[in-house]
Amino acid sequence: TVIDNTELHAALKKYFGFAEFKGLQQDVVASILQGKNTFAIMPTGGGKSLCYQLPALMQEGTAIVVSPLIALMKNQVDAIRGISDQNGIAHVLNSSLTKTEVRQVKQDIVDGVTKLLYVAPESLTKEDYVEFLQSVKLSFIAVDEAHCISEWGHDFRPEYRNLRAIVNRLDDGIPVIALTATATPKVQEDIIKNLGITGANTFKASFNRPNLFYEVRPKTANVDSDIIRFVKKNAGKSGIIYCLSRKRVEELAQVLQVNGVSAVPYHAGFDAKTRSKYQDMFLMEDVDVVVATIAFGMGIDKPDVRFVIHHDIPKSIESYYQETGRAGRDDGEGHCLAFYSYKDIEKLEKFMSNKPVAEQEIGNALLQEVVAYAETSMSRRKFMLHYFGEEFDEVNGDGADMDDNARNPKEKVEAKDDVVK
Ligand code: ADP
Ligand code: MG
């Protein structure tokens, strides 16, 4: 089937009210509509949901969407219902539904009303659901957050490994669509292998964020004063400071407050009410700075975060990219500053020492890349993009002068002399 450009734009306008596709969306949508296995790799915020929602709405049958988090599924279902007068156009199928609700979901699917059926991977192991899905018309299966299938990703979910076996039991030749914001070649290989989609049409957006400035500074005993100085220089601007431990989060937030910086702490140890209070204060700009563990940030969409500081180096380049990616969403300035000491690397290694050996090996390999990033004297942007399998021209590329090494070529930052490389 040839899909007409005008037809696609009309559907985009009709269902979502958008005049233009973003990035590679149109190519992904076209590939899905052609019934091809499709792999879309786009950064967070790139617009991956629309890539499967639009073809699902345009086609006959129901698209199954596998997603790891109930909250994410519910948001999407609400959003889709908002564009239709048919409540049954999108459903979540999971264990929290009553028998009556499940019956209604099944009826809507049988009646051809439901275009998008969201399921958690563990629900798909329920024999009753699989048997039902075998008996209805499906358009495709989309696996969102597909990196969950890989131990090299940041969020491994063993249940994702069963998906291929389930797909095999569904409609013959039903296309599989994988989507992720994880750009590392290792994770991508794992996704293709485990989902059995060798030869899939693959679309990969650039992960370059030209407006972000990357900087690494050695971490000394004065790190708190260094941070205070930085934040005071950027007074009035919004920023996030990541720390490894809850204790450090609370201490640093207090140190900042004592020094006249408006800051709140955030970590998973606070109750839900306190967490959302602090989060709102940051979003509403009642405070400039949030000092947080990595519990902060998922789904936070504040466009004008001007700096992201890492008081402690993260455990992988992938995490660093995600966390710094929260800066400069509006394409304005975004300063990403990491404090680095090899002692912190040793600390992270120690954290892993009670984990299974295979997991430790992966963790250490990821950590060594962080060391290499922190100690490199080359363009940090080039290093990071190379890690994501992307070539970057450090002379003419977009954002080429946007890191400390590019601005002032200097000797390597080495936190310790006896580091073996
Ligand atoms: P991802 O899953 O890749 O992180 P989302 O699917 O959540 O991204 O989309 C991010 C944002 O982009 C959403 O607010 C969405 O409405 C918006 N968006 C998606 N496609 C378009 C488009 N073609 N034009 C304008 N906004 C878009
Ligand atoms: Mg998404």
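None of I345, I309, I294, I313 is of a type in the set (A, V, I, L, M, F, W, C) and surrounded by fewer than 21 Cβ atoms within 10 Å (Cβ to Cβ) except I294. Identify all residues within the stretch 170-191 that are within 19 Å of Y118 (Cβ to Cβ), touching a helix residue (DSSP H, G or I) at 6+ places or on another chain (Cβ under 6 Å) and either in a helix (DSSP H, G or I) or within 16 Å of ligand 1 (Cβ to nearest atom) (or both); write none if there are none. Those that are within 19 Å of Y118 (Cβ to Cβ), touching a helix residue (DSSP H, G or I) at 6+ places or on another chain (Cβ under 6 Å) and either in a helix (DSSP H, G or I) or within 16 Å of ligand 1 (Cβ to nearest atom) (or both): I177, A178, L179, T180. Every condition in (1) near ligand 1 (Cβ under 9 Å from one of its atoms); (2) at negative phi holds for E7 except the one numbered (1). Among helices (runs of 4 or more DSSP H) entirely within the stretch 31-122, having at least 1 residues that are closer than 20 Å to A146 by Cα and either free of Cβ contacts under 8 Å to residues at least 12 places away in the same chain or away from ligand 1 (no atom under 16 Å from the Cβ) (or both) singles out 70-82. Looking only at residues of the stretch 34-46 that are modelled with pLDDT of 95 or more and surrounded by fewer than 19 Cβ atoms within 10 Å (Cβ to Cβ), we find that the one that is nearest to ligand 2 (Cβ to nearest atom) is K36.
Conditions (1) exposed (fewer than 15 other Cβ atoms within 10 Å of the Cβ); (2) away from ligand 2 (no atom under 16 Å from the Cβ), marked per residue:
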| residue | (1), (2) |
| --- | --- |
| T98 | yes, yes |
| K106 | no, yes |
| V110 | yes, yes |
| Y118 | no, no |
| L133 | no, yes |
| V136 | no, yes |
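Filtering the stretch 142-170 to residues that are of a type in the set (V, I, T) and touching a strand residue (DSSP E or B) at 6+ places or on another chain (Cβ under 8 Å) leaves V143, I149, V167. Do the conditions hold for T114, that is, is it over 30 Å from Y387 (Cα atoms), in contact with a His (Cβ under 6 Å, 6 or more places away or on another chain) and surrounded by 13 or more Cβ atoms within 10 Å (Cβ to Cβ)? Answer is yes for this residue.
Answer yes or no as to whether N222 is under 30 Å from G334 (Cβ atoms) and away from ligand 2 (no atom under 16 Å from the Cβ). Yes: the conditions hold for N222.
The values are calculated or read from the model by the stated rules, or taken from the named source; none is laboratory data. Since the model is a prediction, treat every value here as computed from it, not as a measurement. Using ideal geometry, Cβ is built from the backbone for each residue, glycine included, and neighbour counts are taken over all protein chains shown.
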